[in-house]
Structure formats: structure tokens, C-alpha cells
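To keep things clear, I will list the structure first and then write my remarks on it.
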């Protein structure tokens, strides 16, 4: 009996250790975001802000750079998400419905594309963009994000297509509807959740992306949010850490919302299936 | 998983219909796949080809084929070897620590403990954060004057600028960032271990540790192999997190291979050489993974 109690106590201790390790940087980010510039400058770090304030969040919204770059991030993420799905959907449908060697090649490609370092993709893309005069432009970055998200989006979407029973489609075709009609009337509505999930995934990938943006957007005038955040503190240093923390928290909201929506599926099958795939 | 079996079976069944169907398939597939090929496969092939050229960043520079010259330069480049060594230390330690930490957490989350729901949600949060924000957040934690770490430990260390501490400090962040995926995958694997096996072993008198060693671990093996392989690939190719934390400093102590390649390509303009570095890392990754998977398979037999 005593051994059991000790064991349970040890388990709770271990779990507490994990909670502390996972939570303390987050708590510190929040704490920093709520501190006044005077407190930051005093260089006497404490967990609880002495004089908690939301001014840093207001400051972040007041910064031209931050608002402008968030808008640009939004535009790039929206465009690249929509284009990714438009390009991937027909291919995903074809791959899911007509299995065979090509299907295996495509799935293999998605896995292999994970192994290659992005430097092998970013250099040729940069050269192509330069040829098209798209360096330092948002359409250029959106294009790069499409190529970067495409393999995984393709893989996601073909899974969703596969989940729509083929018989439904065939039944509609037998009833006299042409193949396209059958697609539009029967398959498309069933694919909506999958398409939405893929759109969200592509949006978040683009919103969070840093390396490609760093390479493509040299000019601070067109910088996206991750670029602006990294360069935010500058020479003024410590005093600007509060607004930086606040802006970082705000920049996390889209992906946090996305994960809140899909977290149930993450915890159960999705990732396990992905790995077993 | 044979590649030819399903196709052979399909064509044998209804030859005439099968053939017209296959043609229709091909026609439908082609326009759908062309953009994928152009956007996704194309750049990679181009990138690999660049590794055998002397491509430079200037607009009007001539590019010519140089064969394996870049690979020769790479092998003779001390900076590359230093970066490669740091990359391996980083990737192996992050992958191993991530795995051990995540396995422990997954085992705890798989039990009937209070706080479990909270810990599960918390364990997912790093996954939902942009890598840049994770880097900035830890810079606040490690900040020599305004950071919490020195305040709590009572130390006065410039964690990210100290020659001997920077790499371990960055590794800790790597573990923190990568734990969610690994934990989720291992937890899903744990939940697939049949309860009967555990109970049977319990009846046979096996203790907790024995049951873990002889029931849980073998059942979990395929999942462990898959996730540690993926983690290794992701870690060796890491860029954003470390760039935000240290930009490869101090004195190159945290310059992972991808940071080195980035500098070669976009600071110094050696596109061909940077592509060679990418190809070299790919070869190393494939070799390490091949060896690892081969050993795992042999042990299963």
C-alpha cells in the first residue's frame, strides 16, 4: 500500500515537472507583455508585474510596422491558401480515385519532400522569382508558399477524397448525371470540411513561415509579420521588449485558434494515422 | 506493399473497360498533376542540379557545369565540417532528449491522473506557436538582464552569447518546441497497445518495469522508429528557430548546416555551393535513416 502511494506521488511530481517546463516560458512571455517600460528598464525581473498594464498591446497596434506587416502576412496567407487548394484539389481527386503506381509515386513524393532541406528549394525559387521580377513582392512570396505547402496539402486532400464513398459518385452517374455533374452535386459538398481544414493548414503554414520570407522580402517596406517581429527590438533594447511580447502573443492567435479547432483530432487518430501511413 | 500487385489485378479483371478507363484516368490526371510537377518537383530538381554548377547570385553571371568540384571544396572546408558537427550534435541530442521527455510525458498522460486534461492541452501549445514567436519568447527567458532564468537561478549568464552554454541553451528550446508532435504520436501509440497484454503480463507476476520493457516497448516500436526518424530529419534541417535565437552565434557555435547554407547563398552569393551543401546533408540524412531503419528491422526479425 505504502509503495503505491509513493509511486503515485512520484507520478504527480513528474507531471508537475513537465507542466512547469512547458508553461514557464509561456508565463514569462505573458508577464513581459503586461509590464510597463519603466519596470522593464529597472532590470529587476519578477514573475508578477508590479504594475500590470495592457498598454503594450495598444502600443503594438499603434506600431505602423506591425500593423502593416500583419496585413501583408494576412494577404499572402490568404492568397497562398486559396491557390494551394485550387492546385491540389484536382490532383488529389485524381490520385485518390485512380489508384495505381502513380498514386504510390505521389505519396512517396510527399514523404521524400520532407527529407530535402529547404535550401535546395529556396535557391532555385529565388532565381526564378528574380527572372520574373517578383523578388521583394508579396505575390512572389505567396507563390513560394504555395510550392512549400503543396505536397502536404495534396496528401491531406487525397485522404479526404478517399473518405467519400466511390459508390455515391457512381450511383449519381448511373442516374444520368454526367461525371462533372456527379462531382459537383455529390462529391463537392462532402469535401467541404476537408477543403476547409486544408485551407486553414495552408493559411497557418504561410502565416508562420520565416525562412522564405527572409530570402524573398529584403525590403522592410514589404516585410511580413515574422520578419518585423524578429527585427522589432532594435537598438532601443529592453524598453521595447514589452510591446514585442505583446505583439508575439497577438501573432500567435491565428494558429492557436486553428489548433483549438482541430486539437481533438490531433489527440486521437490524425497524427497516428499520418505516421503509420 | 508490393508496387505491381494491385495494377496487375486491375488490368486482368476487365481488360477492355480497364483500358479505356486507364486512358480517361491519364487524361484527367495530367492537367491536375502538371502544376504540382511545375511548382513542387521542378524547383527541387533544379536545386539538385545547381549543386553541380558554379551558380552565383549576381544577375548577369555566367553559370557553368563544374561536376563534383563543389563537393571537393565542401570536403576541404573546415567551416563546413564545424557546422556539420554542430548540426549532428544538435539533431541527435534534440531527437534523443525529445523522445525520452515525450515518452515520459505520454506514459503519464496515458494514466488516470488529475491535471491530465490540463497537461494535455499545455503539451500541444508549442505546436500551435509560430517558430519565430517561440524563438523570441525564449530570448526573453534567456535575456541576461531582463530574463527570468538568471533571476530564478541567481546566475549572471548570457545564455545565448556564451561560447560553451549557447548550444545547450538552444538545444533545450529545440526539445521544448518539438515535444508536442512526439508526445501526441507516442500517446496514440500507447493507446493502441492492447490492455489484455498488460493484464496477462500482470497475472504472470511481471512488475511495472518488466511490463513496460516486455509489453509496451515492443508494441510501441514501429511508432517510435517512425517519429524519431521524422524528428531527426526535421531537426537536422532546422533553421528559423536557431536563426531567431542566435543567428548562428556566438562565433558560429550554433551555426547549424542550414544557417551555414543560408549564409553561403544569400550573404556571400554562392548559390551552387549552398545547393551542394543541401545535397550533402540530404545524403547524410538518407544514410543515417537507412542505417537506423535497417538496424531496427533486423532486430525485429
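The values are calculated or read from the model by the stated rules, or taken from the named source; none is laboratory data. Bear in mind that the values here come from a model prediction, so they are computed numbers and not experimental data. Reconstructed Cβ throughout: ideal geometry from the backbone, glycine too, with neighbour counts over all protein chains shown.
Here's the yes/no breakdown for (1) closer than 20 Å to residue A:91 by Cα; (2) without any contact (Cβ under 8 Å) to a residue 60 or more places away in the chain; (3) surrounded by fewer than 19 Cβ atoms within 10 Å (Cβ to Cβ):
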{"site": "A:128", "(1), (2), (3)": "no, yes, yes"}
{"site": "A:141", "(1), (2), (3)": "no, no, no"}
{"site": "A:148", "(1), (2), (3)": "yes, no, no"}
{"site": "A:154", "(1), (2), (3)": "yes, no, no"}
{"site": "A:174", "(1), (2), (3)": "no, yes, yes"}
{"site": "A:180", "(1), (2), (3)": "yes, yes, yes"}
{"site": "A:188", "(1), (2), (3)": "yes, yes, yes"}
{"site": "A:202", "(1), (2), (3)": "yes, no, no"}
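Conditions (1) modelled with pLDDT of 75 or more; (2) assigned to a helix (DSSP H, G or I); (3) away from every other protein chain (no Cβ under 14 Å); (4) farther than 30 Å from residue A:230 by Cβ, marked per residue:
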position	(1), (2), (3), (4)
A:177	no, no, yes, yes
A:182	no, yes, no, yes
A:188	yes, yes, yes, yes
A:191	yes, yes, yes, yes
A:199	yes, yes, yes, no
A:205	yes, yes, no, no
A:212	yes, yes, no, no
State whether the residues of the range B:14-35 include one that is within 11 Å of chain A (Cβ to nearest Cβ), modelled with pLDDT of 90 or more and either over 33 Å from the mean Cα position of the chain (by Cα) or surrounded by 12 or more Cβ atoms within 10 Å (Cβ to Cβ) (or both). no
Count, please, the residues in the range A:86-99 that happen to be in a helix (DSSP H, G or I) and surrounded by fewer than 22 Cβ atoms within 10 Å (Cβ to Cβ). 4
Considering (1) under 25 Å from the mean Cα position of the chain (by Cα); (2) without any contact (Cβ under 8 Å) to a residue 24 or more places away in the chain; (3) not in a helix (DSSP H, G or I), say which one residue A:111 fails and leave the rest. (3)
Before we move on, is residue A:14 closer than 30 Å to residue A:198 by Cβ, surrounded by 14 or more Cβ atoms within 10 Å (Cβ to Cβ) and either outside the structural domain of residue A:192 (by TED's automatic domain parsing) or in contact (Cβ under 8 Å) with a residue 60 or more places away in the chain (or both)? no
When you scan the range A:127-161, how many residues do you find that are more than 8 Å from chain B (Cβ to nearest Cβ), touching a helix residue (DSSP H, G or I) at 6+ places or on another chain (Cβ under 6 Å) and in a helix (DSSP H, G or I)? 15
Lone unmet requirement of (1) in contact with a helix residue (DSSP H, G or I) (Cβ under 7 Å, 6 or more places away or on another chain); (2) assigned by TED's automatic domain parsing to the domain that holds residue A:160 for residue A:108: (1)
Any hit, the range A:68-82, residues being in a helix (DSSP H, G or I), facing chain B (nearest Cβ under 8 Å) and farther than 21 Å from residue A:229 by Cβ: no
Taking the condition in contact with a helix residue (DSSP H, G or I) (Cβ under 8 Å, 6 or more places away or on another chain) and farther than 27 Å from residue A:244 by Cα, does residue B:90 pass? yes
Top-ranked residue in the range B:36-58 [being more than 7 Å from chain A (Cβ to nearest Cβ) and within 16 Å of residue A:129 (Cβ to Cβ); ranked as surrounded by the fewest Cβ atoms within 10 Å (Cβ to Cβ)]: B:58
Please go through (1) out of contact with any helix residue (DSSP H, G or I) (no Cβ under 6 Å at 6 or more places or on another chain); (2) farther than 24 Å from residue A:205 by Cβ; (3) within 13 Å of chain B (Cβ to nearest Cβ) for residue A:173 and return the number of the only condition it doesn't satisfy. (1)
Please determine whether any residue of the range B:160-169 is surrounded by 21 or more Cβ atoms within 10 Å (Cβ to Cβ) and closer than 25 Å to residue B:108 by Cβ. no
Answer from A:72, A:97 - the residue that is touching a residue at least 60 places away in the same chain (Cβ under 8 Å), farther than 30 Å from residue A:246 by Cβ and in the same structural domain as residue A:194 (by TED's automatic domain parsing): A:97
Would you confirm, using the coordinates I've provided, whether residue A:262 is within 24 Å of residue A:25 (Cβ to Cβ), in contact with a helix residue (DSSP H, G or I) (Cβ under 8 Å, 6 or more places away or on another chain) and in a helix (DSSP H, G or I)? yes
Does residue A:245 meet the test of being within 10 Å of chain B (Cβ to nearest Cβ), within 21 Å of the chain's Cα centre (by Cα) and modelled with pLDDT of 80 or more? yes
Residues being assigned to a helix (DSSP H, G or I) and either touching a residue at least 40 places away in the same chain (Cβ under 8 Å) or buried (at least 16 other Cβ atoms within 10 Å of the Cβ) (or both) - total across the range B:66-90: 14
I'm checking my understanding of the structure. Among residues of the range A:42-67 that are within 11 Å of chain B (Cβ to nearest Cβ) and surrounded by fewer than 16 Cβ atoms within 10 Å (Cβ to Cβ), which one is nearest to the chain's Cα centre (by Cα)? A:47
Residue hits (the range B:242-261; in contact with a helix residue (DSSP H, G or I) (Cβ under 7 Å, 6 or more places away or on another chain), within 15 Å of residue B:87 (Cα to Cα) and within 13 Å of chain A (Cβ to nearest Cβ)) are B:242, B:243, B:246, B:256, B:257, B:258, B:259, B:260, B:261
